[in-house]
């Protein structure tokens, strides 16, 4: 899967100076109401969430949010501080597109007769990295995953044949340099946490500020 | 009457090593939890969905002193006053629906002013959740933005653990309000209970950041090299119970220090290094010289917009050191040169040990010069007016003479609040109880009631405007019934004075709905069997204040003051701190 820097869509390119796409990864406890507590951190500041996914993580009982927003780094950093401040949040990270590997899943429903008659289905699937999930007499459902432009491309391919339904999932992302949360969690569980739990990428990153 | 330890010690023979497990109701577990947490005072109001808890309270009313307020907003403000003056967790009971929604203002106030509260709300039966049942509201979602943490309990077996977490979260780290919403079935349900274990660790919650010595050292280096260092401090010093550590720090470093409204009283207002209050209506020197210092040392404060004025004109020349327990505050508003994370109770002694003993006579002289200018242009006339009309400032000044700075001063919001905080003398910590961040009119009367319960040995004076008192005046009923000795000082200018001041200064004197009429407050108080009087003459002021303070029990004193007096100095909104003006002619 491509891990090159994500090309901005035309809409993203038009955002005000300094803003860019950030993917926020939040490790949390699994608790009712936490989604709202995190969501209002954005809505209170009138920041639109482009994409939000919640799922289990590599650690049992720990949940993982993947949130995509268009903002400046300063704003994203402050947002992560506010997120991490929530009692049931273990850790929040933010990354630019080139620091993560990400995917979205898309489903497409098309009329079977149209598509079978007019298209070389096998080639279409191959060229778009797609597969048929369900084939019925009346309709067929295709699935593909990838970056936005890849799932968008298949919409354009299928539209001439009468695309009945289209849906795309939220982004899921993995931070390239992350070692996962197993080790960190152990540290969080001790009463006197070490540097692991308290590490702060922001403090570590700003050495130059201290040269006076 | 029983508390846990008694229950445990009364265990039958043979099982003495193990705690006894008994079947008790969720409501009884609430009582045991409160007692185990050392709660002795609850402010609340009963209702349908919290009746089982009140039923359990019936058996504990001699150890859990419940103050029946007249409105749930009164309960939560009282709990805030209690918490702020005592440093303990304030506890509130309210029922579901309107009872819970009436807490929202107080929650927002406690959240922004970091006040530790545990609010227990009743909720409809779990099987009715989401059915629009009678007095059902979605309390958890309504209160999420204004609580540090909240949780809905639907099973009695969760109550002990949830309350243990609630108290721990409310009081640890940067304190804040917590709501625990308990459905009625959980209150009634009987479950095995084998004792209450306080919480001291939640794996996802880090109340105190690790102190990083290298940053403390960097901060010390900056301070040691500074020529014009300036300390600005907030409530963090008080919340961290670090008043002594703070005093040692500024005294060793010879550092002039100014407080935010929330930090007031952390050091005595007459301390030689105390240079006054920051902010829109703070003192002239600290505002002006914020933009002349070379190292700005911010301690337990959050650079509120009322403190900073325009951010792009705020202390741009200075290196900024920020000590705070809440990592989210670092760089939130003002870019920090050296962040010192941690509890200032730990970081201040470290920092003190690393700084050199110093004095800055010339730099301090600048503050004195500014103070003199403010005396000449503002304070003299405010404290010794050339007209017969009383000013708010002279009332506070006369009060100082009588209380000697020993009283707890509880203020509401508006001109009287600014004047009280500008002129009140305070010689011990936790003396200034006010709604700082939220600016909640109606705060003072209930907060003063709570403050008296939290500090029964101290004189509590509630200073309130004629507008604010009318927002929660029903709490006179609470005073009538429970008799906390609260001195109510109404400064009546027959206006919503602060808004009027702004309309005069910035809206061409278009006085839009600031002309508020008042009842005869003395008569109203009389209706509640509270003594009082109203005065308007200077010759009566001192005696009237003395009568109020000497009176056995609560007393209401209304002082009629100048209608169109303004509070100065002022940093006009949208301007920098060094644009502070001393009179309306300068705006």
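The numbers here are math on the coordinates, done by the rules we state, and not lab data. Please read these numbers as outputs of a predicted model, since none were measured by experiment. FYI the Cβ positions are ideal-geometry reconstructions off the backbone, even for glycines, and counts take in every protein chain you see.
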*When Cβ neighbours within 10 Å are restricted to other protein chains, what is their mean count per residue of peptide A:74-81?*
2
_Stokes-Einstein translational diffusion, the stretch B:4-193 - Kirkwood Rh over all Cα pairs, 0.890 mPa s, 25 °C, in µm²/s_ = 149
*Based on the Cβ-Cβ distance from residue A:177 to residue B:141, what FRET efficiency comes out when R0 is 30 Å, to the nearest 0.05?*
0.25
*So in chain B, what percent of DSSP beta bridges are antiparallel if you round to the nearest 5?*
10
_Over the stretch B:213-366, what is the relative contact order in percent, taking alpha-carbon pairs closer than 8 angstrom and at least six residues apart?_
31
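For the stretch B:390-487, what proportion of DSSP beta bridges, expressed in % and rounded to the nearest 5, is antiparallel?
0
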*asked:* Sort B:62-70, B:228-236, B:125-133, B:145-153 by the packing proxy (mean of other Cβ within 10 Å over each peptide's residues), most packed first.
replied: B:228-236, B:145-153, B:62-70, B:125-133
_Partner chain coverage, peptide A:84-92 - average Cβ within 10 angstrom_ = 5
*Could you calculate the FRET efficiency of residue B:539 with residue A:44 from 1/(1 + (r/R0)^6), where r is the beta carbon distance between them and R0 is 41 Å, rounded to 0.05?*
0.20
*Quickly estimate the mean residue ellipticity at 222 nm for chain B, helices only: each DSSP H run with n ≥ 4 gives -39500 (n - 2.57), and the total goes over all residues, rounded to 500.*
-10000 deg cm²/dmol
*Cα-based shape type of chain B, given that a ≥ b ≥ c are square roots of the gyration tensor eigenvalues and the cut on a/c is 1.5*: oblate
*Segment residue B:587-residue B:316, extension gain: residue separation times 0.36 nm, minus the distance between their alpha carbons*: 95.3 nm
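Rounded, prolate or oblate: pick one for the stretch B:213-366, where a ≥ b ≥ c are the square roots of the eigenvalues of its C-alpha gyration tensor, a/c under 1.5 means rounded, and failing that, prolate if a/b is larger than b/c, else oblate.
Rounded shape, in that the Cα axes give a/c under 1.5.
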*What fraction of the DSSP beta bridges in the protein assembly as shown is antiparallel, stated in percent and rounded to the nearest 5?*
45
*To the nearest 10 degrees, how steeply does helix B:444-454 sit against the main Cα axis of chain B, on a 0 to 90 scale?*
60
*Extension reserve of the residue B:58-residue B:244 stretch, reckoned as 0.36 nm per residue once the Cα distance is removed*: 62.8 nm
*asked:* Calculate the FRET efficiency for residue B:194 and residue B:132 from the Cβ-Cβ distance with a Förster distance of 35 Å, rounded to the nearest 0.05.
replied: 0.40
*How would you classify the protein assembly as shown from its alpha-carbon gyration tensor, with a ≥ b ≥ c the square roots of the eigenvalues: rounded for a/c under 1.5, else prolate if a/b is greater than b/c, otherwise oblate?*
prolate
*asked:* I'd like the projected area of the stretch B:532-587, averaged over all directions, using the convex hull of its alpha carbons. Report it in nm² with one decimal.
replied: 6.0
*Along Cα→Cβ, 7 Å out, is where each label goes; now give me the distance between the ones at residue B:575 and residue B:550 in nm to one decimal.*
4.5
*When you count, for each residue, the other Cβ atoms within 10 Å and take the mean per peptide, how do A:95-107, B:33-45 rank with the highest first?*
B:33-45, A:95-107
*With the calculation restricted to Cα positions, what are the radius of gyration and Dmax of the stretch B:26-124 in angstrom?*
12.3, 35
*Roughly what would the spin-label model give for residue B:65 and residue B:362, points 7 Å off Cα along C-beta, in nm?*
5.6
_For the stretch B:390-564, take every pair of Cα atoms, bin their distances at 5 Å starting from 0, and report each bin as a whole percent._
1, 9, 19, 23, 22, 15, 7, 3, 1, 0
_Rounded to 10°, Cα long-axis angle of helix B:361-374 versus longest principal axis of chain B_ = 90
_For the stretch A:103-168, take N as its residue count and report Rg(C-alpha) divided by 2.2 N^0.38 Å._
0.98
_Just to confirm my numbers, what's the Cα centroid distance between the stretch B:311-357 and the stretch B:27-50 in Å?_
39
*asked:* Quick check: pseudo-label points 7 Å beyond the Cα along Cα→Cβ at residue B:481 and residue A:96, how many nm apart are they?
replied: 6.2
